[in-house]
Amino acid sequence: EDKVVQSPLSLVVHEGDTVTLNCSYEVTNFRSLLWYKQEKKAPTFLFMLTSSGIEKKSGRLSSILDKKELFSILNITATQTGDSAIYLCAVYNNNDMRFGAGTRLTVKP
Amino acid sequence: NAGVTQTPKFRVLKTGQSMTLLCAQDMNHEYMYWYRQDPGMGLRLIHYSVGEGTTAKGEVPDGYNVSRLKKQNFLLGLESAAPSQTSVYFCASSYGSAAEAFFGQGTRLTVV
């Protein structure tokens, strides 16, 4: 059965810290891996990764995929209180998209 | 741009009642999904559809039915609601399996 596992489940840091969120997966017919940020309501898209070793970057956020070891990481540098959210990892196979349990990040002033 | 619209946004049901949640997208997406989100459990896939007239079961399909009679609409039905179905329900759509999925704003359902 397809599986997506995120770690840690919860993380508390202070402003300015750098964090690394992990996502490992076991999926048949892998197509892509996506990261989402969820604050109060609907998840919002951050990155989609399909190829190993190619870093995607947006401001202080970056992500990379390792298709050999079946994992991805999401890095956030110089964290701000506005980064507090649940970060969700999702993996597509040929048809459906499965999510991990999410990492709840809290950034304290 | 409406994107993905879910109705209703909130609902309280009594155990045993039935209801239908509607998801509508105006982006001509082929793929549509229904998820439920419970505390600490991320999003769990209920049912999905890869095109008009097709549906398939996800991880947690029991107690739910779906229909995709029109490409733009994906309906989720609860025939006999149970307290275990209290949750936040999200609909999403995408062009395919290597494309960003867009989410509706969610439906908070409480079954008492």
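If we scan region B:42-53, do we find a residue that is under 28 Å from residue A:9 (Cβ atoms), among the hydrophobic types (A, V, I, L, M, F, W, C), out of contact with any Phe, Trp or Tyr (no Cβ under 6 Å at 6 or more places or on another chain) and in contact (Cβ under 8 Å) with a residue 40 or more places away in the chain?
No - not one qualifying residue is present in region B:42-53.
Looking at the structure I just gave you, is residue A:15 at pLDDT below 95 and either more than 15 Å from the chain's Cα centre (by Cα) or farther than 18 Å from residue A:105 by Cα (or both)?
For residue A:15, the condition - at pLDDT below 95 and either more than 15 Å from the chain's Cα centre (by Cα) or farther than 18 Å from residue A:105 by Cα (or both) - is not met.
Among the residues of region B:68-82, are any assigned to a strand (DSSP E or B), touching a Leu at 6+ places or on another chain (Cβ under 8 Å), among the polar types (S, T, N, Q) and over 15 Å from residue B:49 (Cβ atoms)?
Taking every residue of region B:68-82 in turn, none turns out to be assigned to a strand (DSSP E or B), touching a Leu at 6+ places or on another chain (Cβ under 8 Å), among the polar types (S, T, N, Q) and over 15 Å from residue B:49 (Cβ atoms).
Is one or more of the residues making up region B:73-83 at pLDDT below 95 and more than 13 Å from residue A:97 (Cα to Cα)?
Checked region B:73-83: at least one residue is at pLDDT below 95 and more than 13 Å from residue A:97 (Cα to Cα).
Right, residue A:67: within 14 Å of chain B (Cβ to nearest Cβ), closer than 27 Å to residue B:50 by Cβ and either modelled with pLDDT under 95 or within 14 Å of the chain's Cα centre (by Cα) (or both) or not?
Judged against the criteria, residue A:67 is a match.
Would you confirm whether any residue within region B:28-40 is over 20 Å from residue A:89 (Cβ atoms) and surrounded by fewer than 14 Cβ atoms within 10 Å (Cβ to Cβ)? Working first, answer last.
From region B:28-40, those over 20 Å from residue A:89 (Cβ atoms) are B:28-30, B:32; that's our starting set.
Now restrict to residues that are surrounded by fewer than 14 Cβ atoms within 10 Å (Cβ to Cβ): B:28.
Checked region B:28-40: at least one residue is over 20 Å from residue A:89 (Cβ atoms) and surrounded by fewer than 14 Cβ atoms within 10 Å (Cβ to Cβ).
Based on what the data block shows, is residue B:26 within 25 Å of residue A:37 (Cα to Cα), free of Cβ contacts under 8 Å to residues at least 60 places away in the same chain and away from every other protein chain (no Cβ under 14 Å)?
yes
The values are calculated or read from the model by the stated rules, or taken from the named source; none is laboratory data. Computed from a predicted model, the values in this text were never measured in an experiment. No Cβ is skipped: glycine too gets one built from the backbone with ideal geometry, and neighbour counts run over all protein chains shown.
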